[in-house]
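Throughout, read-outs are computed from the coordinates displayed, never taken from laboratory work. Computed from a prediction, not measured in an experiment: that's the story for all the values here. Glycine also receives a Cβ, built like all others from the backbone with ideal geometry; neighbour counts cover every protein chain displayed.
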Amino acid sequence: RAARARARRRSHRLRRAVRARRGAREQVRAPINICGDTHGQFHDLLRLFEMGGFPPATNYLFLGDYVDRAKQSIETITLMLCYKIKFPETFFLLRGNHECSALNRIYGFFDECKRTSRAASSCPPVALPLTRARVDTPLRARLSLLPGRYSVKLWRIFGDCFNCMPVAAVVEDKIICM
C-alpha cells in the first residue's frame, strides 16, 4: 500500500514536470539544438550529448519519437524525462507520433515495458550522465523503483506522461517545430 502511494506521487510529479508550461505549445529561446527521432537508441542519445554538450550547458529541443524500434526505449525516455525535470528551462520535449499508446503498442514499447523476465542485474552498467559525474548503477536497477517494474502499469504511466507533452514549439517567435 505504501509502495503504491509512493508510485502515485512519483507519477504525479513526473506528469506535473512535463506539463509545467501548460498548453500544446512551448516557447523556447535560441541558441538551441533541435533533435528528433531517437527511437530508443540510448547509446546514440549519449553520443549526441557528448558531441553537442550535456544539459544545462547546451539547450535542447527534442521533436518526439523517443520510444519504439530499438531495445532501450525505457532507458532513453527515462533519461530524457530526468533531464526535463532537472533542467525545465533548457531541456524541452515534444510529443511525437510514437508517444501515442495506439502506435507504441504495435511498434515495441509496450512489449519492452511488459517484459518481466529481464533481471536488472543481468543488464550491463550504464553511465547515467545527469551531471558530468559517472554513475555505476545500472539504469534498469533504478527503474525497478518505478511501479509495476516492466509491466503494463509502467506502460500506462508513460502513456499518461506522453499525453501531457506539448506537440509544438516556437523558437524565438520565428521557427515552428512539430
Peptides ranked, highest mean first, by Cβ atoms within 10 Å: ranges 51-64, 154-167, 24-37, 73-86: 73-86, 154-167, 51-64, 24-37
- prompt: Using θ = phi - 60° and the Karplus form 6.51 cos²θ - 1.76 cosθ + 1.60, what ³J(HN,Hα) does each residue of the stretch 60-69 get, whole Hz, x for Gly and Pro?
  reply: 10, 10, 9, 8, x, 6, 8, 10, 6, 6
statement: Karplus ³J(HN,Hα) for the stretch 73-84 (6.51 cos²θ - 1.76 cosθ + 1.60, θ = phi - 60°; Hz, whole; x = Gly/Pro) runs 5, 5, 5, 4, 5, 5, 4, 5, 5, 4, 4, 4
